[in-house]
1. I'd like the carbon and sulfur percentage of the solvent accessible area for the stretch 285-410, probe radius 1.4 Å, heavy atoms only, ligands and nucleic acids excluded.
2. Over 27 Å between Cα atoms, which of K82/K195; K201/K353; K81/K421; K82/K353; K81/K291; K82/K355 qualify?
3. Taking the mean number of other Cβ atoms within 10 Å as a proxy for protection, how do you rank 156-163, 190-197 from highest to lowest?
4. Pop out the ³J(HN,Hα) list for the stretch 371-382 in order, Karplus 6.51 cos²θ - 1.76 cosθ + 1.60 with θ = phi - 60°, rounded to Hz; leave Gly and Pro as x.
5. Please state, to two decimals, what the Cα-based radius of gyration of the stretch 313-440 comes to when divided by 2.2 N^0.38 Å (N = residues).
6. If packing is taken as the average number of other Cβ atoms within 10 Å across a peptide's residues, how do 248-261, 74-87 rank, most packed first?
7. How much net charge surrounds P116 when only the other residues with a Cβ under 10 Å from the Cβ of P116 are counted, with Lys and Arg +1 and Asp and Glu -1?
8. Rounded to the nearest 0.05, what FRET efficiency do L423 and K353 give with R0 = 22 Å and r taken as the Cβ-Cβ distance? Could you check?
Amino acid sequence: MARDSQFSGEKSHLEMGSLEGRAVLQLEDETLADSKHNDRKTSSMDAAPQISVFDTDTDDVSCKCTWNSILRQMHIVLFSKKLNLLIPCGPLAMLVDMLTDHHGWIFFLSLLGIIPLAERLGWATEQLAFYTGPTVGGLLNATFGNATELIISMYALRRGMIRVVQQSLLGSILSNMLLVLGCAFFAGGIAHSTKDQLFDKGIAVMNSGLLLMAVMGLLFPAVLHFTHTELHFGKSELALSRFSSCVMLVAYGAYLFYQLTSQNSFYMPLAEEGGENDESLEEEEAPEISKWGSIIWLSILTLWIAVLSGYVVNAVEGASVAMSIPVAFISVILLPIVGNAAEHAGAVVFAVKDKLDISLGVAIGSSTQIAMFGIPFCVVVGWIMGRPMDLNFQLFETATLFMSVLVVAFMLQDGTSNYFKGLMLLLCYLIVAASFFVHIDPEAIQDKPKKT
């Protein structure tokens with residue numbers, strides 16, 4: 001109905017334009033008729049002011065409509081969610097950085113400022129997907145779904161903080177698999193305690209296989225390094241990481257193509273819901289801003305997140321000292337929770353509504369994106385930058401990821417969920433968080449920017 005109203009609105013504008021065109025033609029006919037009895041100069045002087053006044057009124061109306069459209073889009077983007085109350089935390093973090101050297105507050109305020117921007121970035125991507133169709137929309141969601149983590153990783157990689165990049169990406173996978181999926185299973189199980197919720201087992205198993213493939217890509221360089229069996233010491237590990245990253249990117253591209261072309265994909269429940277819902281839900285799924293408005297806001301939000309990510313990365317080490325928290329805990333636990341805050345809420349809401357396939361698309365799908373695209377992409381970008389970014393995430397981190405993937409794979413193998421499975425995943429995440437809180441990264445000192 002929203003689209004019909006939009007089309008009718010466009011039609012009415014076209015009709016108004018045609019009426020205005022007819023009015024201009026009538027004026028021209030009248031002036032031509034008068035010219036037969038009057039002088040040509042007089043008729044041209046009479047016609048000129050009429051056309052100029054008409055054009056001026058049209059310009060005023062168009063400018064007013066454009067200004068109203070801009071104000072309406074700003075209101076929708078910046079003031080439609082209560083979470084946007086945290087947006088001023090970003091400028092406040094910049095102000096604190098200018099006036100003081102308290103890295104703890106800078107880090108905390110920057111994280112709070114990124115939370116609403118990450119949610120709005122996902123929203124702007126969904127708005128643009130309305131105009132691009134399901135295939136390109138799926139590509140956009142896959143690209144910008146984890147944009148916050150990738151932006152932070154790119155900035156840290158440029159500063160040579162390779163361990164922060166590795167640990168933040170690892171933490172994003174763990175957060176989505178254990179925390180997000182655990183909250184979704186637990187909330188959905190509580191809301192539907194009288195039955196087991198069902199989801200597509202085949203798609204879940206396929207994603208579990210991709211996560212195991214990612215574990216394989218991370219495991220072999222680590223084993224090669226710690227067993228000292230490299231053919232060329234210090235070079236074979238990096239070369240293997242870059243080759244494996246290219247293979248993983250090809251595998252992810254094939255997976256994405258399959259997801260977008262197959263009927264059995266995480267995107268299908270989203271499309272099917274539109275036909276089953278009533279008219280009010282269809283109105284909610286209509287685009288709220290224009291196509292170019294979506295592109296502009298997508299660019300603005302990405303740039304703003306990039307700016308705040310710089311403050312986050314610069315304050316990581318200082319915040320670790322100020323708050324007496326290990327850098328590994330900040331990178332693996334705190335940063336991913338902030339980047340995935342919007343996804344957390346969305347997965348829980350869909351699980352409570354008994355739409356578990358969509359919750360899995362948010363949680364497991366996002367984990368697959370980071371494991372099969374985010375990590376290899378950072379390796380390739382580091383290769384271009386001349387940074388020795390590799391897939392050797394150290395034995396402790398790799399073992400944590402391996403055990404987490406195994407736990408999630410066993411939870412998904414029967415295609416059912418309940419609150420007990422969710423509770424188990426949440427307790428596993430607590431164990432992981434406690435482990436990184438007492439973990440000392442042996443290479444943390446090497447990540448500090450070297451003085452030239």
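The values are calculated or read from the model by the stated rules, or taken from the named source; none is laboratory data. Quantities reported herein were computed from a predicted structural model and do not represent experimental measurements. Cβ sites come from the backbone with ideal geometry, for glycine too, and all protein chains shown count toward neighbours. Side chains included, ligands, DNA and RNA excluded: accessible areas come from the protein's heavy atoms. Shrake-Rupley method; radii C 1.70, N 1.55, O 1.52, S 1.80 Å.
1. Numbers: 3320 of 4500 Å².
Carbon-and-sulfur percentage of accessible area, whole number: 74.
2. Pairs exceeding the cut-off: K82/K195; K81/K421.
3. Details: 156-163: 21.1, 190-197: 13.2.
Packing order, densest peptide first, comes out as 156-163, 190-197.
4. Computed from phi, the couplings for the stretch 371-382 are 5, 9, 10, x, 5, x, 4, 5, 5, 5, 5, x Hz.
5. Working: Rg = 16.6 Å, N = 128, 2.2 N^0.38 = 13.9 Å.
In units of the globular-protein estimate, the stretch 313-440 measures up at 1.19.
6. Working: 248-261: 16.1, 74-87: 14.5.
Final packing ranking: 248-261, 74-87.
7. Charge balance near P116 sits at +2.
8. Numbers: r = 20 Å, r/R0 = 0.92.
Once rounded, the FRET efficiency stands at 0.65.
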